[in-house]
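Worksheet for the structure shown next.
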Amino acid sequence: MRRVLIFLFVLAMVVVTALFGGYRYWQSRLAAPIAISEMTLYEVPRGAGYHRVVADLAAQGVIEDVWAFRALARLAPEQLPRLRPGEFRLEPGMSGRELLELLGSERMVTYPLTIPEGWTFRQMRDALDAAPKLEHRTEGLDAEEVMALLGRAGEHPEGWFFPDTYLYHKGSSDLEILEQALTRMQEALEAAWAQRADDLPFATPYEALIMASLIERETGAPEERREIAGVFKRRLESGMRLQTDPTVIYGMGERYAGNITRADLREATPYNTYVIDGMPPTPIALPGRASLEAAVDPLPGETLYFVSKGDGTHHFSRTLREHNNAVNRYIRNR
């Protein structure tokens with residue numbers, strides 16, 4: 001009986017030692033470097049499960065000890081990452097566990113998409129359609145359908161999307177970027193409106209958005225934005241028409257070929273501020289934060305006119321005579 005007990009004890013010790021050794025070896029294989037010698041781009045497909053990804057990594061030669069990764073799913077499923085779709089940069093020397101941690105993180109490869117201030121919604125959509133590795137869910141839809149997908153059915157899209165550089169990863173959609181830009185513009189407009197001056201000639205945030213788009217299209221010089229806002233404010237208050245060329249161009253749409261004629265200035269469109277009173281019915285571009293802030297805080301003064309000096313800035317005038325002299329100096333002579 002004693003011999004039997006000794007044998008069982010020895011056998012148990014052998015089994016425990018073997019199990020402990022096997023466990024240590026398994027863990028060492030998970031901690032070993034993956035089988036790549038240079039940076040490798042790997043994509044986790046949308047909807048792919050753990051076993052599919054492990055098999056794919058093995059097929060691509062990224063990992064060798066497939067059994068160790070499969071055993072992890074059976075023996076320690078709580079340690080499995082929640083895989084995220086997208087592209088990941090795999091680095092030489094990375095361990096198997098670091099690989100799994102990476103594939104469950106938000107450290108996907110990202111791509112920039114820049115929407116400049118002053119672009120139109122149409123230009124933004126063209127950029128989205130051309131963006132590589134982006135899921136094009138809105139391609140082929142008209143503006144009304146896009147706004148409906150964004151929960152803003154019946155609203156005109158112009159002006160409602162904040163111009164900025166947006167980062168996306170493979171598997172992101174153009175609709176997601178539009179949602180981000182819409183939220184950013186709503187927040188920026190609300191913040192600007194909360195700091196508005198008391199004597200504005202308009203009463204709603206949307207009208208401020210329209211004004212900001214006019215300012216955005218009139219100048220790229222930061223120091224001029226508030227002064228142009230002041231000119232437009234005084235014109236509205238005095239009953240003058242805004243007479244700003246960018247609204248004529250917007251109203252012409254695709255007919256605009258880089259030049260405005262006298263006939264264009266006389267054409268009755270909803271956006272031609274040489275013909276209509278007050279502001280156009282919608283924004284004409286995507287304004288940036290500085291233009292939003294200028295729209296609600298115009299610079300006090302007496303100027304009513306401005307003309308381009310040809311260097312990106314403007315000459316401002318108080319009287320029509322002074323303005324005509326400036327036109328002769330900066331436009332006709334040139």
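Could you pull out the chymotrypsin sites (Phe, Trp or Tyr not before Pro) across the range 205-258 that fall in loop regions by DSSP (anything but H, G, I, E, B) with no more than 16 other Cβ atoms inside 10 Å?
Working: sites: Tyr206, Phe232, Tyr250, Tyr256; in loops: Tyr256.
Within the range 205-258, the qualifying chymotrypsin sites (Phe, Trp or Tyr not before Pro) (loop, at most 16 other Cβ atoms within 10 Å) are Tyr256.
How much accessible area per residue does the chain have, in Å², with a 1.4 Å probe? If you can, show how the numbers build up before the last one.
Numbers: 18260 Å² over 334 residues.
That works out to 55 Å² for each residue.
If you roll a 1.4 angstrom probe over the protein chains with everything in place, what fraction of the accessible area of the range 122-177 belongs to carbon and sulfur, to the nearest %?
Details: 1270 of 2560 Å².
That fraction is 50 percent.
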- Message: Can you compute the helix-only [θ] at 222 nm over the chain? Use -39500 (n - 2.57) per DSSP H run of at least 4 residues, normalise by all residues, nearest 500 deg cm²/dmol.
- Response: -14000 deg cm²/dmol
- Message: Give me log10 I(q)/I(0) at q = 0.12, 0.14 Å⁻¹ for the range 168-226, Debye formula, one equal scatterer per alpha-carbon, no solvent.
- Response: -0.42, -0.54
- Task: Counting only C-alpha contacts under 8 Å and six or more residues apart, can you give the relative contact order of the chain as a whole percent?
- Result: 15 percent
- Tell me, what is the FRET efficiency for Arg107 and Ala290 to the nearest 0.05, using R0 = 30 angstrom and their Cβ-Cβ distance as r? 0.35
- Accessible surface of the range 181-334 [probe 1.4 Å, protein heavy atoms]: carbon and sulfur percent: 46 percent
- Item | Cα convex hull of the range 134-235 - mean projected area over all directions, nm² | 7.9 nm²
- Note on the structure: Any residue on another chain or 5+ positions along whose placed amide H is under 5 Å from the amide H of His314 is listed here as Lys309
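The values are calculated or read from the model by the stated rules, or taken from the named source; none is laboratory data. Just so it is clear, the model here is predicted, and its values are computed rather than measured. Using ideal geometry, Cβ is built from the backbone for each residue, glycine included, and neighbour counts are taken over all protein chains shown. These accessible areas exclude ligands, DNA and RNA; they are computed on the full protein's heavy atoms, side chains included. Shrake-Rupley method; radii C 1.70, N 1.55, O 1.52, S 1.80 Å.
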